[in-house]
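> Let me give you the structure first, and then I'll get to my questions.
The values are calculated or read from the model by the stated rules, or taken from the named source; none is laboratory data. For clarity, every value in this text was computed on a predicted model and none was experimentally measured. Cβ coordinates were reconstructed from backbone atoms using ideal geometry, including for glycine residues, and neighbour counts include every protein chain displayed.
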Amino acid sequence: MPEAMPPLRLVVGGMPRWLVAWTSLRGAAELAPWSPAELHWEVADRDTFEQARARYGWAPGPRWALYRGTELRASGTPCPDPRALAATLAGEGPAMLTRLQGLLAAQPEHLAARRERMELLLRRMPDPRLEPLLVEDALGTLAALEFNPKVSWNPDPALWGAAAGQALPALEQAIRTWPNRAYLWRAWISWARFHPARPSVLALAQSVPFWSPRGEWRSWLPYEVQRAVAAELKWQGNYGVMREWFRAVWDSLDHRPLRSLYRGERTWVMERRREEQSAVFQPLRDALGALGSTEEQAELERSFGEMMGRDFSRRR
C-alpha cells in the first residue's frame, strides 16, 4: 500500500477582521465530510506567518493558506465561501466520508462499506450535521447501538426514536426465526432503549415460538436476554415473576460441583458459569431475598458455591 498522504492544513495568519467568520466555517455543512484527522485548522503565530509571507511573496496583510503537510496548495486574502473552500479541498482528493458515500450510492447493500462509514461517523459525534447519516447506516446494518459511554454525546431522541420504530419490527422478525442468536437480541435490546414506548424484552421473549427438545426453553435464551429480563422485572418490582423465570432457568443448569469435573473440562465450564453468575444466579438470589425466601436463598448460594468452588453463602 502507498504511504498515507499527510493531512491538509488550513492556516490563517495576520489576525484578519474576518477571523470570526473563518472560525464559523468549521461548522459549515459543506465542510462536514472532512474529519479532524484529515483537515487541521490552525492559527499561525506572527513569526511563522511572516516567514511564510516572505517565502511565498505574499502582499502585506492577513490571509489564509491551505497546505498538504508543509507544501502550499492554495491561498487567499478574503474569507472564502464554504462552497468555494469545499471545492478547493476536494481538489486535493475526496475525504474518506465522500468516498464511502459514493460507494454506497452505487451499492446501497454494501454492508462492509456501511459499517465502515458508521464507525467513521461514530468517531465524529456529536455532530448534528452527520447524525442523520449515522442513523441511516445504523438502520442499514441493524447493528447493536454500542455507543461509547465515555463520549459526552446525547443522541437525538427524535431521530433515534423514529429509527427504532423501523428497526425493532425487523429485528423481531429475525429473532422469531433464530431465537438463540445473541447478536439479534443484543441489537434489539440496544434499539429498544430509544423507542418512546420502551418495549418489554420479557414480553418479546414470552412471545417467541422457541422450541427445544432438551428442557426449559428459557435457559436457551442468550445471557444478554436474561440480564435484560432481570433488569426489567427488578425495575418493576415484580419479584414473583422474577423468581419463577430464573428458578426455571436455574433448574436447567449444570449443577455439578467444581471438584467433580474433569480437569480438562473445568476451564470452559467455569467460563460459562461466570456468565451464569450475573445472568441467572444473581437475579434469582435478588428475587428470593426480596420475597423473604431465606431458606431457598441459602440453598441456592450453597449450590452455586460448590459449582464455582467457592463459598457464596458468606457473600451478600
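> Can Ser278 be described as surrounded by 14 or more Cβ atoms within 10 Å (Cβ to Cβ), closer than 23 Å to Tyr239 by Cα, of a type in the set (Ser, Thr, Tyr) and touching a residue at least 12 places away in the same chain (Cβ under 8 Å)? Lay out the reasoning, then the answer.
Details: surrounded by 14 or more Cβ atoms within 10 Å (Cβ to Cβ): no; closer than 23 Å to Tyr239 by Cα: yes; of a type in the set (Ser, Thr, Tyr): yes; touching a residue at least 12 places away in the same chain (Cβ under 8 Å): yes.
No; evaluated as a whole, the condition is false for this residue.
> Let me ask you something else. Being among the β-branched types (Val, Ile, Thr), surrounded by 14 or more Cβ atoms within 10 Å (Cβ to Cβ) and either touching a Pro at 6+ places or on another chain (Cβ under 6 Å) or under 28 Å from Asn238 (Cα atoms) (or both): is that true of Val249 here? Step through it out loud before you land on a result.
Numbers: among the β-branched types (Val, Ile, Thr): yes; surrounded by 14 or more Cβ atoms within 10 Å (Cβ to Cβ): yes; either touching a Pro at 6+ places or on another chain (Cβ under 6 Å) or under 28 Å from Asn238 (Cα atoms) (or both): yes.
The answer is yes for Val249.
> I would also like to ask the following. How do the pairs read when you match residues in region 257-268 that are in contact (Cβ under 8 Å) with a residue 24 or more places away in the chain with residues anywhere that are surrounded by 10 or more Cβ atoms within 10 Å (Cβ to Cβ), using Cβ under 6 Å and keeping only pairs 6 or more apart or on different chains?
Short answer, once both residue conditions are applied: Pro257/Glu306; Leu258/Gly309.
> Can you find a residue in region 68-82 that is at pLDDT below 95, part of a loop (DSSP other than H, G, I, E, B) and at positive phi?
yes
> Filter region 12-50 down to residues that are small (Gly, Ala, Ser), in a loop (DSSP other than H, G, I, E, B) and free of Cβ contacts under 8 Å to residues at least 60 places away in the same chain, then give me how many there are. If you could, list the steps in order and put the result at the bottom.
Restricting attention to region 12-50, the residues satisfying the condition of being small (Gly, Ala, Ser) are 13-14, 21, 24, 27-29, 32, 35, 37, 44.
So of that shortlist, the ones also in a loop (DSSP other than H, G, I, E, B) come out as 14, 28, 32, 35, 37, 44.
From the residues that got through so far, the ones that are free of Cβ contacts under 8 Å to residues at least 60 places away in the same chain too are 14, 28, 37, 44.
Residues meeting the conditions: 4.
> A follow-up question, please. Exactly one of (1) within 34 Å of the chain's Cα centre (by Cα); (2) loosely packed, with under 14 Cβ neighbours inside 10 Å; (3) among the basic types (Lys, Arg) is unmet by Arg55. Its number?
For Arg55, the failing item is (1).
> On to the next question. Can you tell me which condition Leu120 does not meet? The list is (1) buried (at least 18 other Cβ atoms within 10 Å of the Cβ); (2) assigned to a loop (DSSP other than H, G, I, E, B); (3) in contact (Cβ under 8 Å) with a residue 60 or more places away in the chain, and all the others hold.
(2)
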